[in-house]
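Engineer: Before I ask anything, let me first share the structure, which is written out below as structure tokens.
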């Protein structure tokens, strides 16, 4: 069931001052009528986490997904690198249909970066190793090249001096920046952020958001689940509001935040903004 | 002087058998080390098989583990020593030491496996998802994340099981393997001095145990660094 209402905005002009990405190209990610349900513990019933969700993500687009907890926004994000398998529907990322049987999911995940709420850095490896190991193990990069790449990224996230520390010795914000660097080291075509700042102390949130902003400005395609409305307003090309496993409303940030049409969106924003 | 002690522990006679005892000690250490390494390798395999979602894999392994738990080690040793060469003719060429090691591994690997399984299962799901998200396949997740992290969680119980393994090697004297206890039995049969014979054997095991304690202290210190702190956000 294709949804003709999907409106893929051409990315031109969304990042002021940057050359527009190939705006006329096919979308980088296409999600078609994806449904997913989970069994509810102790009952025979199932919770419908995603209910025939469709959307498309253009190259270079920054999509922010907002919604109350349990609305399916994290599940949607996790289907995009197959950490959750879908019950039905179809997901295509950069030409790879990841809902097909026989698709090499590991190869796909290597090209889709994911940043988790709780970082999920390898806690038994140093900061540097966290960034080097996936490059060597998965991409088979020579160690010298992987090291150089890691050093460069560590400098970019301003924690080169912590390279030999272990994740548990870093603040939450530093860990999250390392987690972003680890994902970037794989040269992803798409970055997924699953409430990347929700578990952070308030004073460390800014650094992570700044890094995400600089990625967006650099033309990275991003899907971001967040409660940071300021970030959504400032950085998003498009905002999606989800509730009960469906996309209730979508549009550019000024539309969603200033003139939401759906009562459910308005209600949610009133709760979260005040 | 201390000659009164000779009535209770005649070290002068023990000294004559020092060569036997030291060869026995070395044999015990040798058998233990080989059995330990093999048990850890096979135990890791059993733990992974036991964690499989396929009944065809985990059920036979679970049955094997229960069989080992339910039967005495000495019975298992006798089955291996007397019956195995009939069941598996190629083991006819093995000497009694290798048959003994086979029995010890058969017995110890499931215990090690159960300890390791708990360790592997205690690796947080987030660590596994982090590995998945960068594209690691199942084998790489195992090698780079689950095995190293799971193993560390299990070092104390593994050391305990190793101490049991070392003591269990004494049972191999019953299938004519020469080890520490055999040295004591040789001395006792020639001199009929049970105190000297077996107290010396006990002291040998005590010595190994003391070495184990030093080793385990060293291992825990090595693993108490920031790399292994379990603090989760």
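Engineer: What's the average, rounded to a whole number, of partner chain beta-carbon atoms within 10 Å of each residue's beta-carbon in A:162-175?
Structural biologist: 2
Engineer: Further question on the same structure: What percent does the relative contact order of segment A:51-203 come to when contacts are Cα pairs within less than 8 Å and at least six residues apart? Could the numbers behind the result be given before it?
Structural biologist: Numbers: 174 pairs, mean separation 43.3, N = 153.
After rounding, I find 28 percent.
Engineer: Using a Gaussian network model of chain B with C-alpha springs under 10 Å, which one of B:154, B:44, B:71 is most mobile by mean-square fluctuation?
Structural biologist: B:71
Engineer: From zero outward in steps of 5 Å, how is the percent of C-alpha pairs of segment A:97-177 spread across the bins?
Structural biologist: 3, 14, 21, 24, 18, 10, 6, 3, 1
Engineer: Additional query: Using the Cα atoms of chain A, I'd like the radius of gyration and the largest Cα-Cα distance, Dmax, both in angstrom.
Structural biologist: According to the Cα coordinates of chain A, Rg and Dmax are 18.6, 55 Å.
Engineer: If packing is taken as the average count of other Cβ atoms within 10 Å, what order do A:98-105, B:88-95 fall into, highest mean first?
Structural biologist: Values: A:98-105: 13.1, B:88-95: 10.9.
The most tightly packed comes first, giving A:98-105, B:88-95.
Engineer: I need the Kirkwood Rh of segment A:134-274: take the reciprocal of the average 1/r across all distinct C-alpha pairs and report it in angstrom.
Structural biologist: Values: mean 1/r = 0.0593 Å⁻¹.
Computed over segment A:134-274, the radius equals 16.9 Å.
Engineer: In square nanometres and to one decimal, what's the mean projected area of the convex hull around the Cα atoms of segment B:95-233? Walk me through the numbers on the way to the answer.
Structural biologist: Numbers: hull surface 43.3 nm².
Here the figure is 10.8 nm², rounded to one decimal.
Engineer: Another question, then. Roughly how many Å is it from the Cα centre of segment B:15-91 to that of segment B:145-165, as a whole number?
Structural biologist: Centre-to-centre distance over Cα atoms comes out at 17 Å.
Engineer: Which whole number gives the average count of other chain Cβ atoms within 10 Å of the Cβ atoms across peptide A:125-138? Present the calculation step by step, with values, prior to reporting the outcome.
Structural biologist: Details: counts 5, 2, 0, 0, 2, 2, 1, 0, 6, 8, 1, 1, 10, 7.
Shielding by partners across A:125-138 averages 3.
Engineer: Here is a further query. Taking Rh as the Kirkwood radius computed over C-alpha pairs, what is the Stokes-Einstein D of chain B at 25 °C in a medium of viscosity 0.890 mPa s, expressed in µm² per second?
Structural biologist: Working: Rh = 20.2 Å.
It comes out at roughly 122 µm²/s.
Engineer: Round to the nearest 10 and give me the degree value, 0 to 90, for the angle of helix B:96-121's Cα axis relative to the longest principal axis of chain B.
Structural biologist: On a 0 to 90 degree scale, this one is about 40.
Engineer: Using Cα-Cα distances under 8 Å and only pairs 6 or more residues apart, what relative contact order does chain A have, in percent? Show your work: numbers first, answer last.
Structural biologist: Numbers: 509 pairs, mean separation 62.9, N = 274.
About 23 percent, as a whole number.
Engineer: How big is the shadow of the Cα convex hull of segment B:100-159, averaged over all directions, in nm²? Intermediate results must be reported in sequence, preceding the final value.
Structural biologist: Numbers: hull surface 18.0 nm².
Computed as one quarter of the Cα hull surface, the answer is 4.5 nm².
Engineer: Provide a whole-number value for the mean count of partner chain Cβ atoms within 10 Å of the Cβ atoms in peptide B:135-144.
Structural biologist: Details: counts 17, 7, 8, 1, 1, 5, 2, 0, 1, 9.
Mean number of neighbouring Cβ atoms from other chains: 5.
Engineer: Dividing the alpha-carbon Rg of segment A:166-232 by 2.2 N^0.38 Å yields what? Spell out each step's value before the answer.
Structural biologist: Details: Rg = 11.5 Å, N = 67, 2.2 N^0.38 = 10.9 Å.
After normalising by residue count via 2.2 N^0.38 Å, the value is 1.06.
Engineer: Out of B:189, B:197, B:122, any idea which swings most in a Gaussian network model of chain B, alpha carbons joined below 10 Å?
Structural biologist: B:189
Engineer: So what is the calculated 222 nm ellipticity per residue for chain B, using -39500 (n - 2.57) for each DSSP H run with n of 4 or more, over all residues, to the nearest 500 deg cm²/dmol?
Structural biologist: Details: 12 runs with 167 residues, N = 233.
It lands at -23000 deg cm²/dmol.
Engineer: What does the convex hull of the Cα atoms come to per residue for the protein assembly as shown, in Å³?
Structural biologist: Working: hull volume 114.4 nm³, N = 507.
Output value, Cα hull per residue: 226 Å³.
Engineer: Could you check which residue among A:155, A:32, A:84 shows the biggest mean-square fluctuation in a GNM of chain A with a 10 Å Cα cutoff?
Structural biologist: A:155
Engineer: Please determine, in degrees from 0 to 90 and to the nearest 10, the orientation of helix A:263-273 with respect to the longest principal axis defined by the Cα atoms of chain A, where the helix direction is its Cα long axis.
Structural biologist: 40
Engineer: In whole Å, what are the Cα extents of segment B:1-70 along the three principal axes, biggest one first?
Structural biologist: Ordered largest first, segment B:1-70 gives principal extents of 70, 22, 16 Å.
Engineer: Could you work out the relative contact order of chain B? I mean the mean sequence separation of Cα pairs under 8 Å and 6+ apart, divided by the number of residues, in percent.
Structural biologist: Working: 207 pairs, mean separation 65.7, N = 233.
Answer for chain B is 28 percent.
Engineer: Report the gain in length on full extension from residue B:207 to residue B:94: 0.36 nm times residue separation, minus Cα-Cα distance, nm rounded to one decimal.
Structural biologist: Working: separation 113, 0.36 × 113 = 40.68 nm, distance 3.00 nm.
That pair, residue B:207 and residue B:94, stretches by 37.7 nm at full extension.
Read-outs throughout are calculated quantities, based only on the coordinates presented, and are distinct from any laboratory measurement. This one's a predicted model, so the numbers in the text were calculated from it and none came from an experiment. Note that we place each Cβ from the backbone using ideal geometry, even for glycine, and neighbour counts take in every protein chain shown.
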